[in-house]
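Undergrad: The following block contains the structure, expressed as structure tokens.
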Amino acid sequence: MERLGVIGMPSDWLIASHVDYHNVETNLGIQLVDIPIERVTSLGEVDPGIDGANAIYDRLKELIAEYELSGVTLRCFDLLSTVKNTGCIALSRLNDEGIPAACEGDIPTLLTMMLCQRLTGCPGFQCNPARIEDGRMLFAHCTLPLSMTTSHSLTTHFESGIGVAIHGELPEGDYTLVKLSGDLKRLFAANVQLVSNQYEPNLCRTQVWLEIDDKVSHYFQTNPIANHHVLIPGHHEDKFAL
């Protein structure tokens, strides 16, 4: 049975991030393991740059080995006031190593990332919808697997202005948006086109515009599963059909 680590509880502002652990174990064969966030915040203040970001990565790798985990989700905002750096680099590196790693303690997003990797072999970009216009949507977040990018630069975390976050440029072309609900009863998957990258200082650092159809627009404007969705390269909607 695979084990996924929940390092700290889901962030308080997430409205669709809690799951029934027994339900996940029974239906997905995945054991969720709670790990106190203090196992990471006990690092204390680290270097505010890349050395400190890598120290967080090293601690997560230690926990992954100790608890024999296949993936993790991290209550990363707790690091801002304690460790004085972010989990952005650590989560990026883990995803590039084939270890699904989600932000903000978001368990359904971690399960979605695990599902994407198992069905397609692709790491995923956990991202938030930021704007919607006729036929397209903007998605953004402060970390992503560097293997998904054509280029990247390091900057600060958006909400806090500290630590190290990633602005990545993704190749234009075919992608799939995916999200599994916390109760495991809904699965959204839709083929989309990435049409452009941008950078604005008032948003999470990686920002991509997706061309969407009416079905996707209706979903996001009426009954989306949650805020966080996972973007993976290629058109894979048919692989997620229930």
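Undergrad: On a full-extension model of 0.36 nm per residue, what is the gain between ILE162 and ALA241, subtracting their alpha-carbon distance, rounded to one decimal in nm?
TA: On the way: separation 79, 0.36 × 79 = 28.44 nm, distance 4.07 nm.
Length difference between fully extended and current span is 24.4 nm.
Undergrad: Moving on to the next point. Taking a virtual spin label 7 Å from the Cα of VAL33 along the C-beta vector, which residues in region 46-62 bring their backbone nitrogen under 17 Å of it?
TA: Backbone N within reach: 58-62.
Undergrad: Given the options ILE37, ILE166, ILE89, state which has the largest fluctuation in a GNM of the chain using a 10 Å cut-off (strictly under) for Cα springs.
TA: ILE37
Undergrad: Along the Cα→Cβ direction, 7 angstrom out, place labels at TYR219 and GLU172. What is the inter-label distance in nm?
TA: Result for the modelled spin labels: 2.4 nm.
Undergrad: Now a separate question. May I ask for the equivalent-ellipsoid semi-axes of the chain, computed as the square root of five times each C-alpha gyration tensor eigenvalue and listed largest first in whole Å?
TA: Details: eigenvalues 136, 99, 46 Å².
Largest first, the chain gives 26, 22, 15 Å.
Undergrad: Okay, which of region 38-55 sit inside 18 Å, backbone N to the point 7 Å along the Cα-Cβ direction of SER81?
TA: 38-46
Undergrad: When the Kirkwood radius is taken over all Cα pairs of region 56-144, what Stokes-Einstein diffusion coefficient follows at 25 °C and 0.890 mPa s, in µm²/s?
TA: Working: Rh = 13.8 Å.
The Stokes-Einstein estimate is 178 µm²/s.
Undergrad: Considering every Cα-Cα pair within region 1-122, what fraction, in whole percent, is farther apart than 20 Å?
TA: On the way: 2775 of 7381 pairs.
Value for region 1-122: 38 percent of Cα pairs lie more than 20 Å apart.
Undergrad: Taking a threshold of 28 Å on the Cα-Cα distance, which of the pairs LYS185/LYS215; LYS185/LYS239; LYS61/LYS185; LYS215/LYS239 fall above it? The partial results should precede the final answer.
TA: Numbers: LYS185/LYS215 19 Å; LYS185/LYS239 17 Å; LYS61/LYS185 32 Å; LYS215/LYS239 18 Å.
Distance filter (> 28 Å) returns LYS61/LYS185.
Undergrad: Using a Gaussian network for the chain with springs between C-alpha atoms less than 10 Å apart, which of these wobbles most: GLY182, GLY163, GLY29?
TA: Between GLY182, GLY163, GLY29, it is GLY29 that shows the largest mean-square fluctuation.
Undergrad: Below 8 Å between Cα atoms, with a sequence gap of 6+, how large is the relative contact order for region 94-242 in percent? Walk me through the numbers before you get to the answer.
TA: Details: 329 pairs, mean separation 40.0, N = 149.
Worked out over region 94-242, it gives 27 percent.
None of the figures in this text is laboratory data; all of them are computed from the coordinates on show. No experiment lies behind these values; they were computed from the predicted model shown. Cβ coordinates were reconstructed from backbone atoms using ideal geometry, including for glycine residues, and neighbour counts include every protein chain displayed.
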